[in-house]
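Heads up, the thing below is written out as structure tokens.
The values are calculated or read from the model by the stated rules, or taken from the named source; none is laboratory data. What you see is a predicted model, and the numbers here were worked out from it, not measured in a lab. With ideal geometry, Cβ positions are generated from the backbone for all residues, glycine too; neighbour counts draw on all protein chains shown.
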Amino acid sequence: MNPLYTAIATASGRDGRAVSNDGRLDVTVAMPKELGGDGLGTNPEQLFAAGYAACFASAMKLVAGGMDLDVSDASVTAEVGLKANGSGGFALDVVLRAELPDTLSAEDGERLLEATHQVCPYSNATRGNIPVSLVRE
């Protein structure tokens with residue numbers, strides 16, 4: 001299957017720049033203070049969190065439409081944790097916090113989040129690779 005869209009970006013590492021081929025993304029990348037850096041730029045975990053949150057929120061609105069649910073005011077916050085994996089490398093974990101309308105029942109909210117988790121490309125890419133927790137706020 002051919003891609004519907006291909007994003008292209010180039011980075012020079014955790015201390016440098018990340019730039020998309022169309023120039024729309026051009027950010028300074030820096031180690032966070034928590035990891036000994038100066039924190040004067042964004043980092044890969046923040047970029048991943050922003051992408052995952054945006055993707056999951058869009059997928060959720062698509063899925064909600066098919067379930068006849070109104071989540072037009074919903075938002076998603078992604079928390080991406082970086083940790084040692086015990087083998088000399090590193091691993092990620094993710095918590096997705098969905099702020100859903102109060103009018104949505106607990107059951108509908110849970111069904112929506114689980115269905116969205118099956119549709120979202122980031123969820124499909126990470127499934128089985130990193131732990132992802134879904135939380136309704």
Query raised in the report: Do we find a residue being polar (S, T, N, Q) and surrounded by 15 or more Cβ atoms within 10 Å (Cβ to Cβ) anywhere in the stretch 122-135?
Result: yes
Report task. Looking only at the stretch 33-53, count how many residues are surrounded by 13 or more Cβ atoms within 10 Å (Cβ to Cβ) and more than 17 Å from Asp93 (Cα to Cα). Result -> 4
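Filter the stretch 86-137 down to residues that are among the acidic types (Asp, Glu) and in contact with a strand residue (DSSP E or B) (Cβ under 6 Å, 6 or more places away or on another chain), then give me how many there are.
3
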**Report entry** Residues (out of contact with any Ser or Thr (no Cβ under 9 Å at 6 or more places or on another chain) and either free of Cβ contacts under 8 Å to residues at least 12 places away in the same chain or under 15 Å from Val71 (Cβ atoms) (or both)) located in the stretch 112-127
**Finding:** Leu112, Leu113, Glu114, Ala115, Gln118, Val119, Asn124, Ala125, Arg127
Query raised in the report: Here is a list of conditions, (1) touching a Ser or Thr at 6+ places or on another chain (Cβ under 7 Å); (2) in contact (Cβ under 8 Å) with a residue 40 or more places away in the chain, and Ile8 meets all of them except one; can you say which number that is?
Result: (2)
Query - Answer from Ser72, Ser12 - the residue that is in the same structural domain as Thr126 (by TED's automatic domain parsing), among the hydroxyl-bearing types (Ser, Thr, Tyr), at pLDDT below 95 and surrounded by fewer than 15 Cβ atoms within 10 Å (Cβ to Cβ) - result: Ser72
Query raised in the report: How many residues are closer than 20 Å to Ala54 by Cα and either surrounded by 12 or more Cβ atoms within 10 Å (Cβ to Cβ) or in contact with a helix residue (DSSP H, G or I) (Cβ under 9 Å, 6 or more places away or on another chain) (or both) when one looks only at the stretch 97-121?
Result: 17
Query raised in the report: within 19 Å of the chain's Cα centre (by Cα), surrounded by 15 or more Cβ atoms within 10 Å (Cβ to Cβ), outside the structural domain of Gly128 (by TED's automatic domain parsing) and not in a helix (DSSP H, G or I), is that true of Val94?
Result: no
Report summary line: If you go through Thr28, Thr126, the only one that is within 18 Å of Gly13 (Cα to Cα) and not basic (Lys, Arg) is Thr28
Query - Output for the stretch 113-129, where each listed residue is assigned to a loop (DSSP other than H, G, I, E, B) and under 12 Å from the mean Cα position of the chain (by Cα) - result: Cys120
